Amino acid sequence: MTPSAGPGCWRWPLLPKPVAGERSPLLLVVHGHAGGQIPEVLVDLVSELVRGRQAPVWMQALTADPLDLPQGLPLVLVPLLLTPGSHVRSDVPAIRQRLRDQGHRVQVLPFLGAWGPWLEHLRGLAAPAVLHHPLRPGVADRYLAALSAYVGVPCLSADRSGEGDAAALPLALAPNRMTAHLQTEASPCLALLERPATRQFLLNLLLDLP
């Protein structure tokens, strides 16, 4: 399932058509930090999304206990995850099943790293390389090879990078250990949501959801 175009004119064919004036409640899934902490850039994104959509939006960190949501909601589950690792392949289906067992009607979108407009945006950033956290061989490796071919630059594992790679684009929505490792006084390594244009682009994509 892929969107048909960029922000403002795209659609997800399998999502139900919204009733006029109504927007679907969203459950955004993010990795989170230890103890379930959600980085401030993501908290701010949710706040602005709630104001823009005028509908409920929750954020579930994979490092936190499951949220206690109101019963019987028609949720759209949005995995804000950038690679098809075990979180996408195991944790997200488990969240979907738990919600369905609780009586929620759940539609699940693909992980963010598979969205066509998002990939086009990353390619347009014209970074010299893309940095990712170390991944096990398999599906994620194949995805990174395809991503590298699409954006036209190498994808490098952060454990093999150094200060000279600070200008590379980190596959991290929020600041984490990888971006901290690459920080220098002369060249800060910004997470994706610390870049105003990318933050606005993602916000527009989420605002456009039915």
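Taken together, the values in this text are just the output of simple stated rules run on the coordinates, not laboratory data. From a predicted model like this one, the values you see are computed outputs, not experimental measurements. Cβ coordinates were reconstructed from backbone atoms using ideal geometry, including for glycine residues, and neighbour counts include every protein chain displayed.
Note that region 117-133 has calculated 3J(HN,Hα) couplings of x, 5, 5, 4, 5, 4, 4, x, 6, 6, 6, x, 6, 10, 9, 9, 6 Hz, one per residue in order, obtained from phi through the Karplus relation 6.51 cos²θ - 1.76 cosθ + 1.60 (θ = phi - 60°); glycine and proline are x.
Treating r as the C-beta distance of Ala64 and Gln200 and R0 as 22 Å, the FRET efficiency rounds to 0.25.
Residues whose amide H lies under 5 Å from that of Val108, counting only those 5 or more places away or on a different chain, are Leu77; hydrogens are built 1.01 Å from N in the peptide plane.
From its DSSP helices (H runs of at least four residues, each -39,500 (n - 2.57)), the chain gives a residue-normalised ellipticity at 222 nm of -9000 deg cm²/dmol. Rounded to whole numbers, the Karplus 3J(HN,Hα) couplings from phi for region 36-50 are x, 5, 10, x, 4, 5, 7, 4, 5, 4, 4, 4, 5, 5, 4 Hz, using 6.51 cos²θ - 1.76 cosθ + 1.60 with θ = phi - 60°, and x at Gly and Pro. Amide hydrogen proximity for Leu131: with H placed 1.01 Å from N in the peptide plane, the residues at 5 or more positions away or on another chain lying under 5 Å are Leu156, Leu169, Leu171. Ranked by the mean number of other Cβ atoms within 10 Å of their residues, highest first, the peptides 176-183, 57-64 fall in the order 57-64, 176-183.
Exposure proxy ranking for Glu48, Glu22, based on other Cβ atoms within 10 angstrom of each Cβ and starting from the fewest, stands as Glu22, Glu48.
Close amide-amide hydrogen proximity is noted between Ala61 and Val30, each under 5 Å apart and 5 or more residues distant or on a separate chain (H modeled in the peptide plane; Pro and chain starts excluded). In terms of other Cβ atoms within 10 Å, Tyr150, Tyr143 run from fewest to most in the order Tyr150, Tyr143.
Spacing of the modelled spin labels on Ala146 and Arg100, each 7 Å from Cα toward Cβ, amounts to 2.3 nm. For His104, what is the net charge nearby, where nearby means another residue's Cβ is under 15 Å from its Cβ and Lys, Arg count +1, Asp, Glu -1? Computed value for this residue: +2.
Select from Pro188, Pro175, Pro128 the residue whose mean-square fluctuation is largest in a Gaussian network model of the chain (Cα-Cα springs shorter than 10 Å). Checking each option, the largest mean-square fluctuation is seen for Pro188.
Couplings 3J(HN,Hα) of region 62-67, computed from phi: 5, 8, 10, 5, x, 6 Hz, in residue order, whole Hz [Karplus 6.51 cos²θ - 1.76 cosθ + 1.60, θ = phi - 60°; x for Gly and Pro]. Here region 115-196 yields Rg over Rh of 0.94, to two decimals, using C-alpha coordinates and the Kirkwood radius.
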